[in-house]
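Contents: one structure, followed by commentary.
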Amino acid sequence: MVHYMTVMNRIRNALLNPAWVCFLWVGVTVGVSMIATPLRFTAETITREIALDVGRVVFAGLNKVELLALILLLIVVRASGQAARFWAFCGVLALIVIAQSAWLTPELAERTQLIINGVEPPKSYAHAIYSSLELLKIGLLLFLGFSSLGAGNSGPGARPG
């Protein structure tokens, strides 16, 4: 027996699979944190202060996008019927985003302002912690994304396609 699924059902199933949110979020995070940020400091015509100021604005924007991505991911995971399977991973992602939003991004922005004002700030582990959490976040998102692809069920009552 040949099974046929309408285009609308295929689109619905794809949208109910958390993988698309995970991979989109990974792309944004890698693009900003791992590619654009280090490259900014290699430009010969940009001073350290300007690069830091641009970075502060970019990371404030990234933080807002990641909060939105987290909310979207939680909604899609819940709607997909996979909440029980992925709740712990989503919880860790939420803790990472909250830590970056409430503690690390503001602290790093404050340190940036000190440098822009000509004051060298005291030693801090905030940048190392932020970077470590970025790597953990990317790993969790990749795991969640690939696990969602292999789940074989994209939503309650979904049929194989």
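Just so it is clear, none of the values below were taken in a lab; they were calculated from the coordinates. Computed from a predicted structure; not experimentally measured. Note that each Cβ is placed from the backbone with ideal geometry, even for glycine, and that neighbours are counted across all protein chains shown.
Which Cα, out of Ala88, Pro38, Leu68, lies furthest along the positive dipole direction of segment 31-98 (beta carbon charges, K/R +1, D/E -1)?
Working it through, the farthest residue towards the positive pole turns out to be Ala88.
Please find the FRET efficiency linking Phe41 to Thr6, where r is the Cβ-Cβ separation and R0 is fixed at 41 Å, and quote it to the nearest 0.05. It would help to have the intermediate numbers written out before the result.
Working: r = 51 Å, r/R0 = 1.23.
About 0.20, to the nearest 0.05.
Once Lys and Arg get +1 and Asp and Glu get -1 on their Cβ, which of Ser131, Val58, Val97 lies farthest toward the positive end of the dipole of segment 7-149?
Toward the positive end, the furthest listed residue is Val97.
In nm, what is the difference between 0.36 nm times the number of residues separating Ala60 and Arg48 and their Cα-Cα distance?
Going from the current span to full extension adds 2.5 nm.
Report the extension gain between Glu120 and Leu15 in nm, rounded to one decimal, defined as 0.36 nm multiplied by the number of residues separating them, less their alpha carbon distance.
Details: separation 105, 0.36 × 105 = 37.80 nm, distance 4.76 nm.
Answer, rounded to one decimal: 33.0 nm.
Is any helix in the chain, taking whole DSSP H runs, at least 20 angstrom long along its axis by alpha carbon and on average at least 1.6 on the Kyte-Doolittle scale, and which ones? Could the numbers behind the result be given before it?
Values: long enough: 48-80 (45 Å, 1.40); 83-99 (24 Å, 2.14); 126-149 (34 Å, 1.36).
Length and hydropathy pass: 83-99.
For segment 23-161, what does the relative contact order come out to in percent, with C-alpha contacts under 8 Å and a separation of six or more? Could you put the intermediate results ahead of the total?
Numbers: 77 pairs, mean separation 49.7, N = 139.
Taking the mean separation of contacting Cα pairs over the length of segment 23-161, I get 36 percent.
Counting other Cβ atoms within 10 Å, which GluC sites (Glu not before Pro) in segment 24-124 have at most 15 and lie in a DSSP loop?
On the way: sites: Glu44, Glu49, Glu66, Glu107, Glu110; in loops: Glu44.
For GluC sites (Glu not before Pro) across segment 24-124 that sit outside H, G, I, E and B with at most 15 neighbouring Cβ atoms in 10 Å, the list reads Glu44.
Treat each spin label as a single point 7 Å out from the Cα along the C-beta direction, and report the Ser131 to Phe143 distance in nm.
2.2
About its Cα centre, what dipole magnitude does the chain give when the only charges are +1 on Lys and Arg Cβ and -1 on Asp and Glu Cβ, stated in debye to the nearest 20?
Details: 12 positive and 8 negative charges, 146 e Å.
My answer is approximately 700 debye.
Tell me the chymotrypsin sites (Phe, Trp or Tyr not before Pro) within segment 1-79 that lie in a loop according to DSSP and have at most 13 other beta-carbon atoms within 10 Å. All intermediate terms of the calculation are to be shown ahead of the outcome.
Working: sites: Tyr4, Trp20, Phe23, Trp25, Phe41, Phe59; in loops: Tyr4, Phe41.
Here the sparse-neighbourhood loop sites are Tyr4, Phe41.
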